[in-house]
1. Which one is nearest to the chain's Cα centre (by Cα) among residues in segment 84-104 that are over 21 Å from R176 (Cα atoms) and open to solvent by less than 60 Å² (accessible area, probe 1.4 Å)?
2. Please determine whether any residue of segment 722-733 is outside any helix (DSSP H, G or I) and open to solvent by less than 30 Å² (accessible area, probe 1.4 Å).
3. Return the total of residues in segment 565-574 being farther than 13 Å from D787 by Cβ and either among the aliphatic types (A, V, I, L, M) or open to solvent by 30 Å² or more (accessible area, probe 1.4 Å) (or both).
4. State all residues of segment 518-531 that are at pLDDT 95 or above and of a type in the set (A, V, I, L, M); if no residue qualifies, say none.
5. Need a quick list: strands (runs of 3 or more DSSP E) entirely within segment 66-159 having at least 3 residues that are of a type in the set (A, V, I, L, M, F, W, C).
Amino acid sequence: MGCAPSIHISDSRVVYHSGKESDESPNQTNTLSQQHNHSVPPGLFIKASHTSTYKAAVTEVQFGPMRLHQDQLQVLLVFAKEDSQSNGFCCACEKAGFKSNIAKTPESALESFLDKHHEIIIIDHRQTRSFDAEALCRSIRATKPSENAVIIAVVRRQSDRDETSIMPLISAGFSRRYVENSNVMACYNELIQLEYGEVRAQFKLRACNSLFTTLEKSQEAIEITNEEHKIQYVNPAFETTMGYQKEELYGKELIEVPNNEKKSDFIDNINSCIKSGKEWEGVYYAKNKNGDNIQQNVKIIPVFGHRGKIRHYVSISRPCSDNNKVEKQCERVQAESQTDIQSCRHKDRRKGSLDVRSTTSRGSDGSSQRRHSSMARIHSMTIEAPITKVINIINSAQENSPMPVAEALDRVLEILRTTELYSPQLGTKDEDPHTNDLVGGLMTDGLRRLSGNEYIFSSKHVHPSSGHPISSLSLSDIPPRITQAMENEEDWEFDIFELEAATHKRPLVYLGLKMFARFGVCSFLNCSEVTLRSWLHIIESNYHSSNAYHNSTHSADVLHATAYFLCKERVKQSLDPIDEVAALIAATVHDVDHPGRTNSFLCNAGSELAILYNDTAVLESHHAALAFQLTTRDDKCNIFKNMERNEYRTLRQAIIDMVLATEMTKHFEHVNKFVNSINKPLTAVEENEGTGDDDAVKTVLTSPENRILIKRMLIKCADISNPCRALEQCIEWAGRISEEYFAQTDEEKRQGLPVVMPVFDRNTCSIPKSQISFVDYFISDMFDAWDAFADLPNLMQHLDNNFKYWKSLDERQLKTLRPPPE
């Protein structure tokens, strides 16, 4: 591998494939052109489903993260006269789910093709007196859209002695010939073979053209070589950087391109790395056409082809910036340290293809093995914010930097990992930093992110789990049936619906009393049990019992999950008593006065709440604001009335922050921060120190910024933990949320509002599909991260079981909550 700039695309994503293609001709069909490979090339994943019930075929092609959708295939049938053969293809198109058009003359056929751009054209070549099939084929091939069309000639059946050459058909532009056979199944088989063969090959080529168009416009220098290091492609940015034209490079070996002779050992290191199948990333000098040295940041990726053999090397290079002196110094040290360089940083491809639903963490007996697997999943997670990429780049630069630079970068990393860099401090729009600064300067007394010196404690407060005595509340006046329903409230298997029935749909007061007693909340707040009862009653009375889902039972369920998480060992290590109290109160009030409609509905309807909160986190802002209004307007239920002012403000800030964290539009942002600021540093400590350095772990767990992230993650997981509950509870919650969404869709249609979630039409919705999507997009990654932190094998097992349940219903094409009785 020479020192010339190299070829890169994005990490491990193959957009260029070279492999020998072969296939056998299908029965009754002669392939005219080179036969196409119907298998899936490396790096290309194809999903397709066919139905014989007259539904459209659906095809998706995916290049790494790039997903392309193939619309319903269109077939043009050109037959001068209707006969059994044309009818056979018409029926076959309907059976395959293809859309067909029939043309009887060359003129109408050409006009129809230019209008529809059919993927398959079948021309009757048997009736030469009606029209000239070969002339028609030439006319179609003369048009631009025909590049992506497959044209078939229907020919008469010949005896062995009369078999004619197919060369005239090839010369005319036909792709294949079909020996006449009017049997519908024979026609259907031909169409399916065409779709999975030539049509799909054309579709892949169109996708490749799109990707190479992207490479042409890339500002980074990109180069592709074959396994023998002969250049096969360079983009315009490469030409500009190095001063060469494509024609001067194609077909030449990299060694022919001038490079810095002094770096021969360095080049050997690169070669040994990439030839072993690992990625290389680092900095080196290359000579351009004028002989000038250009220092470049380079990444080289080997691309695997057939049977796992390296077929290509893809590289991206970028000239080093002159504006960042620290970056230049780090890169120069990397380039010139030939003995210390360890640039063969092998970036695992999804950590050995870990499957989040089959890893040992879900159902393993060993806690340490489960924890290791969970941490491995964290490393493989793809959620990555721009700030995370910056942190990763700095981490890479530290590897071969001198000590002073490494220490300086450590301080930089400490600053970059603070919460405020991920989102605006005052909750304004991410895209407008000018507004952020202005609002931050004018509203210093507004909602603030907590910093370390704002946590003020009194010596009387003790951690509930520390073993010190806590004044317990009297629960003797609770009816026996309700007491019995709450007996196992410390277990995850606790049945909230049993308590709902026992309390006649008012479970929050009773569960709240018991939970708050267990955590010593009254002692912390210095309030009486009577005040707490009044507060719980006023909060529960402001939940709407008419809501199918967002009622006080949901609030009690979230409170139970929150309390359960607070008892996990690592969570207890992280949070202080004030954090625990804030979490329990936030869980209790997080959906108070929820109208049973989404934020989008309220904004579209122009509701008073949407106007009041400027269409931003409307419900969450309302829940938090109303909770404090209800609490402070009457001393009888004001649980905060005896708190010291600064302590109250700290508690209030924490409650508001947690309630606002339940807004789903920032779901991925919160999970991303948690993974990158907490899980990954913890993993690094544990991997580097074996069992983990206690001081380093404590630093990660207890920093003020990280405590905020942990509390947000805790309440988010508690809020949408339904898929991790026991199956019957999961089914019940799924039915309730679906009913609430159905009601919203009904109301949107009645009022003529935009339908926010069209899939939740009660007449057509598949509840299993909606649950599968919810788990795939929101639950899996989040609970993988939370499980890696808090160690929750029982939840992950329920999640697996429930996911399999919904999949089984979906595979049976059932749309209901449960299968029909046998």
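The values are calculated or read from the model by the stated rules, or taken from the named source; none is laboratory data. Quick caveat, the model's predicted, so the values are computed rather than measured. All Cβ positions, even for glycine, are placed from backbone atoms using ideal geometry, and neighbour counts span all protein chains on display. For accessibility, only protein heavy atoms count, side chains too; no ligands or nucleic acids. Shrake-Rupley method; radii C 1.70, N 1.55, O 1.52, S 1.80 Å.
1. G97
2. Of all residues in segment 722-733, those outside any helix (DSSP H, G or I) come to 725-726.
Filter once more, so that each one left must be open to solvent by less than 30 Å² (accessible area, probe 1.4 Å): 725-726.
Among the residues of segment 722-733, at least one is outside any helix (DSSP H, G or I) and open to solvent by less than 30 Å² (accessible area, probe 1.4 Å), which makes the answer yes.
3. Applying the first criterion (farther than 13 Å from D787 by Cβ) to segment 565-574 yields 566-567, 569, 572-574.
Those left that are additionally either among the aliphatic types (A, V, I, L, M) or open to solvent by 30 Å² or more (accessible area, probe 1.4 Å) (or both): 566-567, 569, 572-573.
Going through segment 565-574 one residue at a time, the tally reaches 5.
4. Residues satisfying the conditions are V521, L525.
5. Details: elements: 66-70, 74-78, 99-103, 120-124, 150-155.
Output list reads 74-78, 120-124, 150-155.
The rows are residues; the columns are (1) of a type outside the set (V, I, T); (2) touching a residue at least 60 places away in the same chain (Cβ under 8 Å).
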| residue | (1), (2) |
| --- | --- |
| L701 | yes, yes |
| L709 | yes, yes |
| A718 | yes, yes |
| C730 | yes, yes |
| E739 | yes, yes |
| A743 | yes, yes |
| V755 | no, no |
| D761 | yes, no |
| S773 | yes, no |
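Residue-by-condition table, conditions (1) aliphatic (A, V, I, L, M); (2) open to solvent by 20 Å² or more (accessible area, probe 1.4 Å); (3) outside any loop (DSSP other than H, G, I, E, B):
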| residue | (1), (2), (3) |
| --- | --- |
| D162 | no, yes, no |
| P168 | no, yes, yes |
| Y178 | no, no, yes |
| G197 | no, no, yes |
| R200 | no, yes, yes |
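Conditions (1) surrounded by fewer than 21 Cβ atoms within 10 Å (Cβ to Cβ); (2) in contact with a helix residue (DSSP H, G or I) (Cβ under 8 Å, 6 or more places away or on another chain), marked per residue:
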site	(1), (2)
P480	yes, no
H504	yes, no
F524	no, yes
S528	yes, yes
